[in-house]
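The values are calculated or read from the model by the stated rules, or taken from the named source; none is laboratory data. Bear in mind that the values here come from a model prediction, so they are computed numbers and not experimental data. Reconstructed Cβ throughout: ideal geometry from the backbone, glycine too, with neighbour counts over all protein chains shown. Heavy atoms of the whole protein, side chains included, go into the accessibility calculation; ligands, DNA and RNA do not. Shrake-Rupley method; radii C 1.70, N 1.55, O 1.52, S 1.80 Å.
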Amino acid sequence: MRIVVLAGGIGGARFLAGVRAYAAGVGAEVTAVVNVGDDIRLHGLRICPDLDSVMYHLGGGADPERGWGRADETWTVKSELAAYGAEPTWFGLGDRDVATHLVRTTMLDAGYPLSAVTEALCERWRPGVRLLPATDDRLETHVVVDVDGERRAVHFQEWWIRYRGDLPTHRFVFVGADAAKPAPGVLDSIEGADVVLVAPSNPVVSIAPVLAVAGVREAVAGGSAPVVGVSPIIGGRPVRGMADKCLATLEVPCTAAGVGGMYGSRGDGGILDGWLVDPADGDVALPGVRVGAAPLWMTDEMATAAMVRAAMELV
Ligand code: GDP
Ligand code: CA
């Protein structure tokens, strides 16, 4: 069996650990198609927060407390950059993490596409699933905001980390999405999948930019594989992060039903055949979508694998 997962960073990484455990039990192969909209170049380095969150987490190198970045991290490079007054100072750039960005940037500058670079980095981390960036091309999430009385677009990272999403926010723009081609393997894996799972990742800034890559939404919506999503919202709240602020910008209610409705039914222009919600969210009805309930707290790999099983049983 072949399972494809659309994923963002931390929520995607935790979910993928459960998918990997489930897949080991049934002899399935897993491909993760990961968001690159958060990617940014800082201090000359190409940083891919979501790919790295997934790679470190599945490879056993992630910081369990922080959720992002490396375990046993130190911050000498960051403080030395600050001592030079080198902007931006709001981005957390750990010393161990810098090595990843150096290798990645060197390979990109030598002409390797991001997908090949990711594969090379995974030779060290052995995540146990195939990690594909949604695209090798430039795709960046920008956020249209009011800052200092002026309307402008800032990079998603600046909105998220520097401003904590705390600005009048008008919309999200996936710069480059129209021209971006799916990375090699993305469309083939979706077309050859037995099931496509949408991780409980941020629907607005993690999953939407993956679907925005030309042809990806069409492949998911029009493919033969059933598509099941898992809600990132439990009891009307995002488990962590600021999905509530992102959803509010789109005027989508921050509920399991709201996010399911945003993805929509495959029969009606959307992408879902199944939608898994937490029992805390009660009776969610989505026309044309089979809705199931199971505990959605990804407390550990086994709990998450049980969640994956419940998602698989929906279709
Ligand atoms: P990011 O790119 O690092 O922000 O991570 P993702 O977009 O992949 O995931 C963020 C989303 O994961 C948030 O909207 C959270 O609500 C969701 N999330 C985090 N932990 C859990 C969990 O234990 N269960 C569920 N259902 N969702 C979770
Ligand atoms: Ca992210």
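Looking across the range 262-284, just one residue is within 19 Å of the chain's Cα centre (by Cα) and free of Cβ contacts under 8 Å to residues at least 40 places away in the same chain, and that is G264. Listed by position, the strands (runs of 3 or more DSSP E) contained in the range 1-100 that have at least 1 residues being of a type in the set (K, R), more than 16 Å from ligand 1 (Cβ to nearest atom) and on the phi < 0 side of the Ramachandran plot are 2-7, 40-42, 45-47.
Let's see how each residue does on (1) within 30 Å of E29 (Cβ to Cβ); (2) at pLDDT 95 or above; (3) open to solvent by less than 50 Å² (accessible area, probe 1.4 Å); (4) in a loop (DSSP other than H, G, I, E, B):
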{"site": "R124", "(1), (2), (3), (4)": "yes, yes, no, no"}
{"site": "R138", "(1), (2), (3), (4)": "yes, yes, no, yes"}
{"site": "T141", "(1), (2), (3), (4)": "yes, yes, yes, no"}
{"site": "V145", "(1), (2), (3), (4)": "no, yes, yes, no"}
{"site": "F172", "(1), (2), (3), (4)": "no, yes, yes, no"}
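Does the range 191-202 include one or more residues that are within 14 Å of ligand 2 (Cβ to nearest atom) and not in a loop (DSSP other than H, G, I, E, B)? No, every residue in the range 191-202 fails to be within 14 Å of ligand 2 (Cβ to nearest atom) and not in a loop (DSSP other than H, G, I, E, B). Tallying residues that are outside any loop (DSSP other than H, G, I, E, B) and open to solvent by less than 40 Å² (accessible area, probe 1.4 Å) within the range 126-136 yields 4.
One residue is enough: does the range 147-157 have a residue meeting the conditions touching a residue at least 60 places away in the same chain (Cβ under 8 Å) and either more than 14 Å from N35 (Cα to Cα) or open to solvent by 40 Å² or more (accessible area, probe 1.4 Å) (or both)? The answer is yes; a qualifying residue exists.
Count, please, the residues in the range 174-207 that happen to be among the aliphatic types (A, V, I, L, M) and open to solvent by 50 Å² or more (accessible area, probe 1.4 Å).
Result for the range 174-207: 2.
The selection criterion, being within 16 Å of ligand 2 (Cβ to nearest atom) and touching a Ser or Thr at 6+ places or on another chain (Cβ under 7 Å), holds for G37.
Any residue in the range 293-304 that is in contact (Cβ under 8 Å) with a residue 60 or more places away in the chain, among the aliphatic types (A, V, I, L, M) and out of contact with any Phe, Trp or Tyr (no Cβ under 8 Å at 6 or more places or on another chain)? Yes, the range 293-304 has at least one match.
Here V33 fulfils each of the conditions (1) under 18 Å from the mean Cα position of the chain (by Cα); (2) surrounded by fewer than 19 Cβ atoms within 10 Å (Cβ to Cβ) apart from (2). Whether a residue is modelled with pLDDT of 95 or more and open to solvent by 10 Å² or more (accessible area, probe 1.4 Å) was assessed, and G215 passes this test.
Just name the residue that is nearest to A62 (Cα to Cα) out of those in the range 9-24 that are open to solvent by less than 10 Å² (accessible area, probe 1.4 Å) and away from ligand 2 (no atom under 16 Å from the Cβ).
A17
Of all residues in the range 218-246, those that are more than 16 Å from ligand 2 (Cβ to nearest atom) and outside any strand (DSSP E or B) have Cβ atoms under 9 Å from Cβ atoms of residues that are modelled with pLDDT of 95 or more and basic (K, R), 6 or more apart or on another chain, in V220/R266; A221/R266; G222/R266; A225/R2; P226/R266. Condition first: over 21 Å from the mean Cα position of the chain (by Cα), within 17 Å of I10 (Cβ to Cβ) and away from ligand 2 (no atom under 16 Å from the Cβ). Can you find one or more residues in the range 66-82 that meet it? Yes: the range 66-82 contains one or more residues that are over 21 Å from the mean Cα position of the chain (by Cα), within 17 Å of I10 (Cβ to Cβ) and away from ligand 2 (no atom under 16 Å from the Cβ).
Does the range 202-222 contain any residue that is near ligand 1 (Cβ under 10 Å from one of its atoms), within 18 Å of R266 (Cβ to Cβ) and in contact with a helix residue (DSSP H, G or I) (Cβ under 9 Å, 6 or more places away or on another chain)? Looking for residues that are near ligand 1 (Cβ under 10 Å from one of its atoms), within 18 Å of R266 (Cβ to Cβ) and in contact with a helix residue (DSSP H, G or I) (Cβ under 9 Å, 6 or more places away or on another chain), one finds at least one in the range 202-222, hence yes.
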